[in-house]
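J.: The structure under discussion is supplied below as structure tokens; questions concerning it will follow.
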Amino acid sequence: MSEIELFVDSNMTKVLIIGAGGVGTVVAHKVAANPVFSEIMLASRTKSKCDAIAEAVGGGRIRTAQVDADSVPELTKLFRQFRPDIVINVALPYQDLTIMDACLECGVNYLDTANYEPRDEAHFEYSWQWAYHDRFREKGLTAILGCGFDPGVSAIFVAYAAKHHFDEIQYLDIVDCNAGNHGMAFATNFNPEINIREVTQKGRYWENGRWVETEPHEIHKPLTYPEIGERESYLIYHEELESLVKHYPSIRRARFWMTFGQEYLTHLRVIQNIGMARIDPIVYNGVEIVPIQFLKAVLPDPKSLGENYHGQTSIGCRIRGVKDGKERTYYIYNNCDHEAAYRETGTQAVSYTTGVPAALGAAMFAKGLWKGAGVYNVEQFDPDPFLAELGPQGLPWVEKFDVDLEVD
Ligand code: NDP
């Protein structure tokens, strides 16, 4: 935080949202309800989807536009017309770098919820985006990386724990449970292509200064989630582990756990075994197709799951470390109800828990509470004003001290 220069900007903020999926829908609702944003534009590949969201939000607050965010010239053209102060990127991770390039060219600040991933390699890491730090700093622009729930609130929970409850964080387990039921045999909760790429890769966790790799879903155990109960939880790699072990070097072990049902895992295994998770192009009837992209076209749209979704998500951080010379355990989490999320925004809780923090992060920037020239992960900013607002914005959080973390 020390190298981040803070300056307060009391002007109203013009915001451009890119991406009209489930997360974009929630961001649009939340941004439109926040008077700190003076003008709002929602742009995506398919303009009709933006128009439908703008109409659902109502109030005539949101303008819409078509843009191909893979194209820097298209983006800069739009930026020059609308002149946003900040872009909220909730398109896909493939577009992170083109949008950051356009921001640099036009002097626009940046926020996203997922780190860059090349299309032809199921591999994500921060190095590509961290490499933009000096260019953003030189232009006096801010880039806020990973401001969804996980990454996002998960890392802000860690920053809050470090600031208020620990002298040294030593063990971190981020636990992500979706105990919702959408009644479908198989569906993903966010973009199927990105989701399947994420959960089928090898597991990885940090221990004693190095990464330990596991086979996919090799390590698993039952964990107890508040108001939900016991759920089998699988160790997977997740992107915030990379920035958290960098920014909190006292961490000896950092892991990420996600719950999967047996039905989901069986489908996933079949999808992989029959080659439908392949990300390399194949020729079918003389046309090149990428199997996972074809699969996305036939799977349920995550946005459509909300209507019949029941149950809750529970995402939090289980932390062990030292305070005043004594060992302490700490669990901080949010539970989010699918039905409540749907009533408010027409989307399920996974989109909701991602979109609310993205809109709130942009509001932190707009209010001058999070600001500094360069590229930053969310844990580098002050967690207090963000967490003070997170509950009122729809995601209340709970702290528990000196409890059994179940993750020894
Ligand atoms: P969706 O697939 O529902 O939406 C993505 C949107 O981006 C679609 O509207 C799509 O357009 C648009 N888009 C895709 N490519 C382009 C392009 N080249 N130019 C312009 N628009 C484009 O995804 P979600 O809403 O579920 O997820 C959005 C983001 O949120 C993803 O990056 C995902 O990884 C991230 N995420 C982060 C989480 C977190 O906690 N940090 C959790 C969940 C998701 P079209 O409609 O035409 O296809």
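No lab work stands behind these numbers, since they all come straight from the coordinates. Quick caveat, the model's predicted, so the values are computed rather than measured. Here the Cβ positions follow ideal geometry from the backbone for every residue, glycine too, while neighbour counts run over all protein chains shown.
J.: Taking the chain as a Gaussian network, where each spring joins two C-alpha atoms under 10 Å apart, which residue of 239, 379, 213 fluctuates the most?
T.: Maximum fluctuation in the GNM of the chain, among the listed residues, is at 213.
J.: Let me have the 222 nm mean residue ellipticity of the chain computed from DSSP H runs of 4+ only, each contributing -39500 (n - 2.57), with the sum over all residues rounded to the nearest 500.
T.: Values: 14 runs with 137 residues, N = 408.
It lands at -10000 deg cm²/dmol.
J.: In square nanometres, what is one fourth of the surface area of the convex hull spanned by the alpha carbons of segment 313-408?
T.: Numbers: hull surface 32.3 nm².
Here the figure is 8.1 nm², rounded to one decimal.
J.: How large is the charge dipole for the chain, taken about the Cα centre, if only the Cβ atoms of Lys, Arg (+1) and Asp, Glu (-1) carry charge, to the nearest 20 debye? Before the final figure, lay out each step's value.
T.: Details: 38 positive and 56 negative charges, 136 e Å.
I would put it at about 660 debye.
J.: In what order do 235, 244 fall by count of nearby beta-carbon atoms within 10 Å, going from fewest to most? Please report the intermediate quantities before stating the final value.
T.: On the way: 235 21, 244 26.
Lowest to highest Cβ neighbour count: 235, 244.
J.: Another question, if that's okay. Over 5 Å intervals from 0, what percent of Cα-Cα pairs in segment 136-287 sits in each interval?
T.: 2, 7, 15, 18, 18, 15, 10, 7, 4, 2, 1, 0, 0
J.: So for the chain: antiparallel DSSP bridges make up what percent, rounded to the nearest 5?
T.: On the way: 46 of 78 bridges.
Counting only bridges with both partners in the chain, antiparallel ones make up about 60 percent.
J.: For 41, 276, what ranking results if the residue with the fewest other Cβ atoms within 10 Å of its Cβ goes first? The partial results should precede the final answer.
T.: Values: 41 21, 276 14.
So the residues, fewest neighbours to most, are 276, 41.
J.: Sequence gap at least 6, Cα distance under 8 Å: using those rules, report the relative contact order of the chain to the nearest whole percent.
T.: Values: 880 pairs, mean separation 90.0, N = 408.
Relative contact order for the chain comes out at 22 percent.
J.: Which one of 58, 23, 362 has its Cα pushed farthest toward the positive end of the charge dipole of the chain, where Lys and Arg give +1 and Asp and Glu give -1 at the Cβ?
T.: Checked the options; the winner is 58.
J.: Between residue 208 and residue 399, what FRET efficiency follows from the Cβ-Cβ distance if R0 is 30 Å, with the result rounded to 0.05? Present the calculation step by step, with values, prior to reporting the outcome.
T.: Numbers: r = 28 Å, r/R0 = 0.93.
Once the sixth-power term is evaluated, E becomes 0.60.
J.: Same structure again: Under 30 Å Cα-Cα from residue 323, which lysines qualify once same-chain neighbours fewer than 8 residues away are excluded?
T.: 163, 221, 246, 371, 400
J.: If you place +1 on the Cβ of every Lys and Arg, -1 on the Cβ of every Asp and Glu, and leave all else neutral, what size is the dipole of segment 26-139 about its Cα centre, to the nearest 20 Debye? Kindly include the intermediate steps, with their values, before the conclusion.
T.: Working: 13 positive and 17 negative charges, 117 e Å.
About 560 debye.
J.: Placing +1 at every Lys and Arg Cβ and -1 at every Asp and Glu Cβ, with all other atoms neutral, what dipole size does segment 270-388 have around its Cα centre, in debye to the nearest 20?
T.: Working: 11 positive and 12 negative charges, 65 e Å.
The calculated dipole for segment 270-388 is roughly 320 debye.
J.: Based on DSSP, what percent of beta bridges with both residues in segment 167-306 are antiparallel, to the nearest 5? Don't skip to the end; give the middle numbers.
T.: On the way: 19 of 25 bridges.
Counting DSSP beta bridges with both partners in segment 167-306, the antiparallel share is about 75 percent.
J.: On to the next question. Of all alpha-carbon pairs in the chain, indicate the percentage at a distance above 35 angstrom. Please list the in-between numbers first.
T.: Numbers: 18827 of 83028 pairs.
Of all Cα-Cα pairs in the chain, 23 percent lie more than 35 Å apart.
J.: Which one, 284, 244, 219, projects farthest toward the positive side of the charge dipole computed for segment 209-319 from Cβ point charges (K/R +1, D/E -1)?
T.: Farthest along the dipole direction, towards plus: 244.
J.: Here is a further query. Tell me, how many Å apart are the Cα centres for segment 261-305 and for segment 84-124?
T.: Between the Cα centre of segment 261-305 and that of segment 84-124, the gap is 25 Å.
J.: Can you give me the orientation-averaged projected area of the convex hull built on the Cα atoms of segment 55-117, in nm²? Show your work: numbers first, answer last.
T.: Details: hull surface 18.2 nm².
Average projection, Cα convex hull of segment 55-117: 4.5 nm².
J.: Now for a separate question. At 0.692 mPa s and 37 °C, plugging the Kirkwood radius over alpha-carbon pairs of segment 161-223 into Stokes-Einstein gives what diffusion coefficient in µm²/s? Walk me through the intermediate numbers first.
T.: Working: Rh = 15.1 Å.
Translational D for this selection: 218 µm²/s.
J.: Among 348, 383, 329, whose Cα projects farthest towards the positive end of the dipole of segment 322-404, with charges put on the beta-carbon of Lys, Arg (+1) and Asp, Glu (-1)?
T.: 383
J.: Anyone know which of 289, 88, 174 comes out most mobile in the 10 Å Cα GNM of the chain?
T.: Of 289, 88, 174, the most mobile in the Gaussian network model is 289.
J.: Rank the residues 171, 248, 110 as a footprinting-exposure proxy: fewest other Cβ atoms within 10 Å of their Cβ go first. If you can, show how the numbers build up before the last one.
T.: Details: 171 18, 248 21, 110 24.
The fewest-first ordering by Cβ neighbours comes to 171, 248, 110.
J.: While we're here: Starting from the coordinates of the alpha-carbon atoms of segment 43-171, obtain the Kirkwood hydrodynamic radius over all distinct pairs and give the value in Å to one decimal. Could the numbers behind the result be given before it?
T.: Details: mean 1/r = 0.0612 Å⁻¹.
It works out to 16.3 Å.
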